[in-house]
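The values are calculated or read from the model by the stated rules, or taken from the named source; none is laboratory data. Remember, it's a predicted structure, so these values are computed and weren't measured experimentally. Cβ: placed from backbone, ideal geometry, glycine included. Neighbour counts: every protein chain shown. These area figures cover heavy atoms from the full protein model, side chains too; ligands, DNA and RNA do not enter into them. Shrake-Rupley method; radii C 1.70, N 1.55, O 1.52, S 1.80 Å.
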Amino acid sequence: MKIAIVGAGISGAYLAKLLGQEGLYPDVYDAGAQDTLCGYRSCGWGAPIGIEKYLAEVDLDLNEYLIEPMFSMNFDGLEAKTPLCTINKPRLLRDLNAGIRLKRQKLGQEEADSYDVLVDATGITRALLPPCRSDLTLPTLQHRVAVSSEGDVRLGAGVYGNRIPGLGYLWIFPVGNGQYHIGIGGIGLVHHESLMERFYRESSDQFSFRPLCRCTGVVRVASPYYSTPLSLTQRRKGKTQAVIGVGESIGTVSPFTGEGIVYSLECAGILADSWPDQEEYGNLVLARFGWMKKERETLDYLLGQGRNGGPRLRDRWRFYKNARRSGIDLPVLEAFKRMGSLSRWVDAPD
Ligand SMILES: Cc1cc2nc3c(=O)[nH]c(=O)nc-3n(C[C@H](O)[C@H](O)[C@H](O)COP(=O)(O)OP(=O)(O)OC[C@H]3O[C@@H](n4cnc5c(N)ncnc54)[C@H](O)[C@@H]3O)c2cc1C
């Protein structure tokens, strides 16, 4: 069976490694821009400590990639315990890509026709599959900055929904050596730069920020359920060819938080386990990530019918469940209140 994986991000590279363990050696193609400081996109490095079990599957050790645990994070002014950390994602990608047949180029049509299976691991691009049946995306801007302060005040990790209008948040993740990723993402948001400037201005009494790198990107928060088809079968040059999506190309991202690293790994694991049964894979993905469908429906509600009324009880419950799923120790009433504060901004002008 001749297999090509298009996209050597987290899901494509991990899938190649898992298939290799089964004696299948796909060709991997990646044609992404290498124009950031770390040489990769998309470059958010936040992950739960639980990522270690996925790394162990391919004989990698989280300690090699761990930059900083974020045992405590600020959520709109509330300090909560978390099992989150930052990982050196570029290094992880380099190690995942080591030993696989990676071609830094686009897959041409003629070459594509020679494969029995094409895997679409192109993230937001979704280069091989047709458009999602109902896409929803979140534009982002992320800066890498060196942060210094007077005295020993340290900028803490945090997530701030109250810093932007509408649905989204500003995040502050330490990435080592006094450097941070500071990013902003929001559904329908356009004024990222001015919001970022406002954050720097308002924090300037305590911290100074030296910009090192910036990137813009878009996250698919549609959920797998609304990202169908997850795979298809087509006739190519007289033979049958399967095209199968994995990772963010099919929406394995938390719609509330935009976290996609660990879910893309999980999705690649499901694909490797059910290989090459497309139907079983699709059913497993929809079942496993059914909660993403519910989160997506909350976003749709808050952007539409619920715009004025605010979140319903079920939306607040989903927010609480999201925090619990990520291991964030947020008391239930606080979680409900946070969701309320988020929705206050839905109508605010951008
Ligand atoms: C600014 C930002 C910050 C984020 N922060 C976090 C975070 O902190 N934690 C978290 O869990 N998630 C985060 N995410 C989401 C997370 O990065 C993605 O969900 C995750 O990387 C998806 O993995 P993937 O392998 O499916 O896709 P990607 O990582 O997007 O990889 C897709 C690959 O396909 C390649 N490609 C694209 N088109 C083609 C083509 N036509 N031909 C060949 N190659 C192609 C690209 O170069 C890329 O290497 C963030 C996203 C953004 C934009």
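Would the range 226-273 count as rounded, prolate or oblate if I go by the C-alpha gyration tensor, calling it rounded below 1.5 in a/c and otherwise prolate when a/b exceeds b/c, oblate otherwise? Can you show the working numbers first?
Values: a/c = 4.23, a/b = 2.18, b/c = 1.94.
Because a/c hits 1.5 or more and a/b exceeds b/c, the range 226-273 counts as prolate.
Charges only on Cβ, +1 for Lys and Arg, -1 for Asp and Glu: so what's the dipole of the range 216-299 about the Cα centre, in debye to the nearest 20? Show your work: numbers first, answer last.
On the way: 9 positive and 9 negative charges, 95 e Å.
Value, rounded to 20: 460 debye.
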> Toward the positive end of the charge dipole of the chain, about the Cα centre and with charges on Cβ (Lys, Arg +1; Asp, Glu -1), which of Asn162, Leu92, Gly50 goes farthest?
Replying inline: Asn162
> Hey, which aspartates and glutamates would be in cross-link range of Lys89, C-alpha to C-alpha under 18 Å, not counting anything within fewer than 8 residues on its own chain?
Replying inline: Asp30, Asp35, Glu52, Glu57, Asp59, Asp61, Glu64, Glu68, Glu248, Glu259, Glu266
>> Based on the alpha-carbon set only, what is the convex hull volume of the range 294-343 divided per residue, in Å³?
In response: 64
>> For a quick check: with amide H placed at 1.01 Å from N, whose amide H comes under 5 Å from Ala127's, ignoring anything fewer than 5 positions away on the same chain?
In response: Thr122
>> Cross-link candidates for Lys294: which lysines have Cα within less than 28 Å, leaving aside residues fewer than 8 places away along the same chain?
In response: Lys53, Lys81, Lys321, Lys337
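So what is the accessible area of the chain per residue, in Å², with the probe set to 1.4 Å?
Numbers: 15630 Å² over 350 residues.
Result: 45 Å² of accessible area for each residue.
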>> What whole-number distance in Å separates the alpha-carbon centres of the range 232-262 and the range 138-192?
In response: 29
> From the backbone phi of the range 158-170, what are the Karplus-calculated ³J(HN,Hα) couplings (6.51 cos²θ - 1.76 cosθ + 1.60, θ = phi - 60°) in whole Hz, Gly and Pro given as x?
Replying inline: x, 9, 10, x, 7, 8, 10, x, x, 9, x, 6, 9
> What residues have an amide H closer than 5 Å to that of Leu212, excluding those fewer than 5 places away on the same chain, when H is modeled at 1.01 Å from N in the peptide plane?
Replying inline: Arg144, Val145, Ala146
> Applying 1/(1 + (r/R0)^6) with R0 = 25 Å to the Cβ-Cβ distance of Phe207 and Ser134, what FRET efficiency is obtained, to the nearest 0.05?
Replying inline: 0.05
>> As a test of the definition: which semi-axes, in Å, follow for the range 137-220 when you take the square root of five times each eigenvalue of its alpha carbon gyration tensor? Largest first, please.
In response: 22, 13, 11
> Roughly how many nanometres apart are two label points built 7 Å out from the Cα toward the Cβ at Glu79 and Tyr160?
Replying inline: 1.7
> Using 16 Å as the cut-off for backbone N distance, which residues of the range 124-147 belong to the label zone defined by a point 7 Å from the Cα of Glu68 along Cα→Cβ?
Replying inline: 143-147
> How big is the Cα convex hull of the range 196-339 in projection, averaged over all directions, in nm²?
Replying inline: 13.1
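Against the globular-protein guess of 2.2 N^0.38 Å, express the Cα radius of gyration of the chain as a ratio, rounded to two decimals. Kindly include the intermediate steps, with their values, before the conclusion.
Details: Rg = 20.3 Å, N = 350, 2.2 N^0.38 = 20.4 Å.
Ratio of Rg to 2.2 N^0.38 Å for the chain: 0.99.
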>> Which order do you get for Leu230, Leu286 if you rank them by accessible area with a 1.4 Å probe, largest at the top?
In response: Leu286, Leu230
>> Run the helix sum for the chain: -39,500 (n - 2.57) per DSSP H stretch of 4+ residues, divided by residue count, reported at 222 nm to the nearest 500 deg cm²/dmol.
In response: -9500 deg cm²/dmol
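Run the numbers for Leu37 and Ser114: contour at 0.36 nm per residue of separation, minus the present Cα-Cα distance, in nm. Write down the numbers at each step before the final one.
Numbers: separation 77, 0.36 × 77 = 27.72 nm, distance 3.57 nm.
Fully extending the segment from Leu37 to Ser114 adds 24.2 nm.
Using a 1.4 angstrom probe on the protein heavy atoms only, could you order Arg316, Arg307, Arg154 from most to least accessible area?
Ranked from most to least accessible, the order is Arg154, Arg307, Arg316.
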> Say a site is exposed when it is one of the GluC sites (Glu not before Pro), sits in a DSSP loop, and has at most 13 other Cβ atoms within 10 Å; what is then the longest site-free stretch of the chain?
Replying inline: 151-350
> What FRET efficiency comes out for the pair Ala287/His191, r = Cβ-Cβ distance, R0 = 45 Å, nearest 0.05?
Replying inline: 0.70
>> Take Arg314 and Gln105, extend 7 Å from each Cα along the Cα→Cβ direction, and tell me the distance between the two endpoints in nm.
In response: 5.1
